[in-house]
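Please read the structure below before turning to the comments.
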Amino acid sequence: MAFSLSLTYKALVQGRSETLHARIQGLLRVLAQSTEANTRNRVAALKGFAGDSALLRVLAAPDAPRSRAVDSAVATALNRVAIPTDSGLPIELWTTDGRRLASVGKDVRGDSIAALPPELRSLRGHQVGAAPTTSGASDSVQFGALYQSTGRVYFWVITPVMREGRRIGYIAQQRRLAPNPLVMRTINDLSGEQLDVNVRNTVDPFIATIDGRPVSAFVKRDTVDSGYVATRTGGARFVGAEVAVKGTQLAISVEGPESSIVAAPRATIRRLAMISLILLVGGVSVVWALSRQITRPLVDLTTAAEAIAHGEYGRRVESPGTASDEVERLGASFNRMAGEVEAAQSLLASQVEEAQATSEELEETNIQLQQASTSADEARDAALDANRAKSDFLAVMSHELRTPLNAIGGYAEILHLGIYGTVNDAQQDALRRISRSQQTLLSLINDVLNFAKLEAGEVQYSITDVAVVPALSVIEDFVLPQLRRRNLTYAVHPCDPSVKARADADKLQQILINLLSNAIKYTQEGGKIDVTCEADDAHVRIRITDTGIGIATDRLAKIFDPFIQVGRALNRPHEGVGLGLSISRDLASGMGGALSVESVLGEGSTFTLTLERSVKAA
């Protein structure tokens with residue numbers, strides 16, 4: 001049980017991990033596409049803003065005096081670049097030789113590094129952008145790296161201002177990562193998980209969340225096929241994946257805690273372990289109770305046999321009334337043997353007494369003595385014959401009973417933990433019988449578990465287009481040994497090979513095996529079983545017909561109920577607990593189909609499985 005639970009746990013963890021990675025990859029693709037699309041749109045907008053005539057005039061003559069109207073036009077052009085979420089952040093106009101001509105928003109001239117161009121204003125003095133310092137021909141918009149300042153995360157965007165194919169200056173805009181509850185809610189809805197979406201620099205280890213909160217850097221980061229597994233400060237492990245944003249120095253990553261992968265499998269394994277333990281204790285209790293019913297009469301039988309061997313011919317075995325038919329028959333045979341032995345012993349004793357009386361009477365006279373001698377000889381011969389008969393009878397009965405008594409002793413020794421001696425070949429045979437009983441009990445428990453899952457609605461269906469003809473061909477391999485053992489004739493009459501049904505392939509196979517097993521079980525040797533199928537525009541019908549015992553009309557309405565068996569009797573019950581048809585009906589219903597029956601008592605039965613036909617096939 002522990003080994004099975006271990007394999008199940010590994011499979012659940014692997015499936016959970018694959019699901020999480022798949023969701024991360026899917027979300028990452030959506031985010032990357034959305035980010036790249038927004039970046040392209042923003043780049044196009046920025047290039048349009050950079051072409052404003054007011055900016056071109058000022059950059060064309062940067063040293064010329066400017067009127068208030070010109071300054072107002074430049075400020076208006078720069079304000080057009082602003083984004084609502086970046087309200088108050090600086091937007092500056094620079095020449096290619098490093099002179100700032102105009103700015104709107106917060107003026108950073110008061111900073112200790114205000115004399116530096118915008119791409120050098122960063123935390124700890126690291127360069128966060130690359131503003132063009134020459135009049136080259138490139139019009140590419142540059143996005144700087146992320147950096148932290150006053151608890152917020154910023155980056156610079158450098159937009160070249162072009163004139164006649166040459167760069168004459170640039171617009172430097174400071175941006176920040178701002179919280180957006182709608183975006184985070186959309187991300188969680190798409191992923192179905194509580195995942196973290198981060199943005200990191202590709203030029204240094206700085207990382208921040210998508211809503212602008214700095215995140216501790218990785219202590220260790222290992223790359224795997226589906227992404228990465230990383231450890232942060234404090235020992236927390238994360239699994240995720242990332243993709244670089246084209247045209248920027250940034251990469252977007254989606255990750256989740258590794259603990260979320262094993263949480264659900266651990267809860268499932270705990271429930272399975274509890275159920276398995278309950279079933280194990282219940283099974284042991286049932287086996288113990290059954291063994292007590294079998295071994296008690298066997299112990300009584302062994303005690304009575306030992307008493308007879310010591311001369312107590314009146315000892316008998318009482319019928320317990322709860323043992324199996326075989327044990328009761330063995331007890332009755334033993335009682336008959338003891339009675340015959342006791343009768344022979346009584347007859348012998350009576351004849352000896354008569355011989356002694358006759359001998360005493362013949363002593364009175366010579367004639368009587370002669371007659372008495374003759375009678376004594378005859379009595380003696382009769383006594384010897386009776387004694388030989390008794391000895392022969394005991395020898396034969398001892399020989400005939402040795403094997404079953406040894407087997408009975410073996411069962412008693414095994415069930416009583418070997419207190420009667422060491423294990424021999426007969427006891428090994430008993431172990432094999434117990435093993436077969438265990439397999440039968442396991443099959444019954446599986447039926448009960450399947451029934452419980454169906455009742456609880458926990459069975460999952462994978463409905464696909466299933467070809468009917470191959471499905472019928474595969475079933476024959478499962479029932480062929482049973483057919484041969486019962487000497488039954490089996491024939492399959494397939495329909496059009498193109499016919500397909502809407503069904504779960506595994507559930508369809510389980511239903512057909514259940515129906516064929518029932519047909520084999522209730523069909524006498526030499527009988528016949530036919531499998532046919534037909535299809536119309538909407539449905540596919542598979543029929544299994546047998547020449548078995550049939551079902552009475554008043555029982556047809558109940559055979560699909562749980563724990564109901566056709567032809568069940570106390571003296572010769574059929575195997576199983578009567579769940580096969582109930583499970584088959586529920587599986588058929590779960591696939592959108594139905595299971596019905598027609599039967600004539602004493603002539604046979606026909607079970608019909610109806611499924612929806614594939615639309616493509618129709």
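The values are calculated or read from the model by the stated rules, or taken from the named source; none is laboratory data. Bear in mind that the values here come from a model prediction, so they are computed numbers and not experimental data. For neighbour counting, all protein chains shown are included, and Cβ atoms are generated from backbone atoms with ideal geometry for every residue, glycine included.
Residues in the stretch 464-481: is at least one closer than 20 Å to SER584 by Cα, without any contact (Cβ under 8 Å) to a residue 40 or more places away in the chain and part of a strand (DSSP E or B)?
yes
Determine whether LYS453 is modelled with pLDDT of 90 or more and of a type in the set (Lys, Arg).
no
If you scan the stretch 156-174, which residues turn out to be free of Cβ contacts under 8 Å to residues at least 40 places away in the same chain and either in a strand (DSSP E or B) or under 25 Å from SER216 (Cα atoms) (or both)?
Within the stretch 156-174, TRP156, ARG166 meet the criteria.
For TYR490, all conditions in the list (1) of a type in the set (Phe, Trp, Tyr); (2) more than 33 Å from the chain's Cα centre (by Cα); (3) closer than 16 Å to LEU611 by Cα hold save one; what is the number of the exception?
(3)
Condition first: among the charged types (D, E, K, R) and touching a residue at least 40 places away in the same chain (Cβ under 8 Å). Now tell me which residues in the stretch 226-279 satisfy that.
Once the filter is applied, which keeps residues that are among the charged types (D, E, K, R) and touching a residue at least 40 places away in the same chain (Cβ under 8 Å), the stretch 226-279 yields GLU242, LYS246, GLU255, ARG266.
Out of all the residues in the stretch 87-102, is one or more over 30 Å from ALA241 (Cβ atoms), of a type in the set (Gly, Ala, Ser), free of Cβ contacts under 8 Å to residues at least 24 places away in the same chain and surrounded by 15 or more Cβ atoms within 10 Å (Cβ to Cβ)?
no
Looking at the stretch 456-493, which of its residues are within 25 Å of ILE520 (Cα to Cα), among the hydroxyl-bearing types (Ser, Thr, Tyr) and touching a Gly at 6+ places or on another chain (Cβ under 9 Å)?
Listed by number, the list holds a single entry, THR489.
Report yes if some residue within the stretch 477-484 is out of contact with any strand residue (DSSP E or B) (no Cβ under 6 Å at 6 or more places or on another chain), surrounded by 16 or more Cβ atoms within 10 Å (Cβ to Cβ), among the basic types (Lys, Arg) and modelled with pLDDT under 90; otherwise report no.
No; the residues of the stretch 477-484 include none that is out of contact with any strand residue (DSSP E or B) (no Cβ under 6 Å at 6 or more places or on another chain), surrounded by 16 or more Cβ atoms within 10 Å (Cβ to Cβ), among the basic types (Lys, Arg) and modelled with pLDDT under 90.
Within the stretch 538-559, track down each residue that is in a helix (DSSP H, G or I) and in contact with a Leu (Cβ under 8 Å, 6 or more places away or on another chain).
THR553
Determine if the stretch 94-102 includes at least one residue that is in contact with a Lys or Arg (Cβ under 7 Å, 6 or more places away or on another chain), assigned to a strand (DSSP E or B), modelled with pLDDT of 55 or more and under 22 Å from VAL70 (Cα atoms).
Yes, the stretch 94-102 contains at least one residue that is in contact with a Lys or Arg (Cβ under 7 Å, 6 or more places away or on another chain), assigned to a strand (DSSP E or B), modelled with pLDDT of 55 or more and under 22 Å from VAL70 (Cα atoms).
When you check VAL229 against the structure, is it out of contact with any His (no Cβ under 6 Å at 6 or more places or on another chain) and at pLDDT below 80, yes or no?
no
Somewhere in the stretch 64-80, is a residue hydrophobic (A, V, I, L, M, F, W, C), part of a loop (DSSP other than H, G, I, E, B) and over 30 Å from ASP196 (Cα atoms)?
For the stretch 64-80, residues hydrophobic (A, V, I, L, M, F, W, C), part of a loop (DSSP other than H, G, I, E, B) and over 30 Å from ASP196 (Cα atoms): present.
Looking for something modelled with pLDDT of 80 or more, more than 54 Å from the chain's Cα centre (by Cα) and crowded, with 17+ Cβ neighbours inside 10 Å - is there at least one such residue anywhere in the stretch 126-149?
Looking through the stretch 126-149, none of the residues is modelled with pLDDT of 80 or more, more than 54 Å from the chain's Cα centre (by Cα) and crowded, with 17+ Cβ neighbours inside 10 Å.
With the requirement that a residue be of a type outside the set (Ser, Thr, Tyr), touching a strand residue (DSSP E or B) at 6+ places or on another chain (Cβ under 6 Å) and not in a strand (DSSP E or B), what does the stretch 517-537 give you?
Hit for the stretch 517-537 is ALA519, nothing else.
Please name all residue pairs, on different chains or six or more residues apart, with Cβ atoms under 9 Å, provided the first residue is in the stretch 342-356 and is touching a residue at least 12 places away in the same chain (Cβ under 8 Å) and the second residue is among the acidic types (Asp, Glu) and part of a helix (DSSP H, G or I).
Note: pairs meeting the criteria are ALA355/GLU378.
For residues that are in contact with a His (Cβ under 9 Å, 6 or more places away or on another chain) and at pLDDT 90 or above, scanning just the stretch 502-542, find the one that is surrounded by the most Cβ atoms within 10 Å (Cβ to Cβ).
The selected residue is CYS533.
Select from the stretch 16-67 the residues that are under 21 Å from SER138 (Cβ atoms) and touching a Ser or Thr at 6+ places or on another chain (Cβ under 6 Å) and list them in ascending order.
LEU46, ALA50, PRO62
Are there any pairs, at least 6 apart or on different chains, whose C-beta atoms fall under 9 Å, with the first in the stretch 484-505 and assigned by TED's automatic domain parsing to the domain that holds GLY593 and the second of a type in the set (Lys, Arg) and surrounded by fewer than 15 Cβ atoms within 10 Å (Cβ to Cβ), and if so, which?
That search, which allows pairs on different chains as well, returns LYS500/LYS616.
Looking at LEU330, LEU348, which one is modelled with pLDDT of 75 or more and either in contact with a Pro (Cβ under 8 Å, 6 or more places away or on another chain) or buried (at least 16 other Cβ atoms within 10 Å of the Cβ) (or both)?
Sole residue among the options that is modelled with pLDDT of 75 or more and either in contact with a Pro (Cβ under 8 Å, 6 or more places away or on another chain) or buried (at least 16 other Cβ atoms within 10 Å of the Cβ) (or both): LEU348.
Looking at (1) over 19 Å from ARG176 (Cβ atoms); (2) surrounded by fewer than 16 Cβ atoms within 10 Å (Cβ to Cβ); (3) β-branched (Val, Ile, Thr); (4) at pLDDT 80 or above, which one does VAL58 not meet, given that it meets all the others?
Every listed condition holds for VAL58 apart from (2).
I'd like to verify a number: residues in the stretch 521-551 that are farther than 13 Å from ALA491 by Cα, under 33 Å from the mean Cα position of the chain (by Cα) and β-branched (Val, Ile, Thr), how many?
Adding up the residues that qualify gives 2.
Could you please tell me which pairs satisfy a Cβ distance under 7 Å, a separation of 6+ or placement on different chains, a first residue in the stretch 212-224 that is on the phi > 0 side of the Ramachandran plot, and a second residue that is surrounded by 14 or more Cβ atoms within 10 Å (Cβ to Cβ)?
Going by the 7 Å Cβ cut-off, the qualifying pairs are GLY212/ARG152; GLY212/VAL153; GLY212/ARG176; GLY212/LEU177; GLY212/ALA178.
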